[in-house]
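Asks: Pasting a structure here, questions to come.
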Amino acid sequence: QATGTDQVVGFGLVAVSLIIFTYYTTWVILLPFIDSQHVIHKYFLPRAYAVLIPLATGLLLLLFVGKLCVHTLALGVHLPRSSLAPTLPGVFLFLLKGYKQKAL
């Protein structure tokens, strides 16, 4: 069962995602068809950033996931059997609680 806090956090994440999607879609798809002297252009970054920001974000995400995988494999960390499909927050909580070394 989802608690009230879970629902608020979920709604917030959906709202932020919707705002980012709407902003990015407007920036990339609609803005090229609007006159460059129009006042709406001052609310958007130059178009070069439309490629650089997602590229940098994706690269950072891949680096983080890769670092987490290498770190987990190098230390022999394993998740408890009860969480065969852990969520990302569950992985962070597990890592914060401490590591269990594999028996040699």
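Throughout, read-outs are computed from the coordinates displayed, never taken from laboratory work. Here the structure is a predicted model, which is why all the values come from computation and not from measurement. Cβ coordinates were reconstructed from backbone atoms using ideal geometry, including for glycine residues, and neighbour counts include every protein chain displayed.
Asks: Once the piece of chain linking His71 and Gln37 is laid out straight, how much longer is it, given 0.36 nm per residue of separation minus the C-alpha distance between them?
Replies: On the way: separation 34, 0.36 × 34 = 12.24 nm, distance 5.05 nm.
Length difference between fully extended and current span is 7.2 nm.
Asks: How charged is the neighbourhood of Trp27? Take every other residue with its Cβ under 13 Å from the Cβ of Trp27, and add Lys/Arg as +1 and Asp/Glu as -1.
Replies: Details: positive: Lys42, Arg47; negative: none.
Net charge in that neighbourhood comes out at +2.
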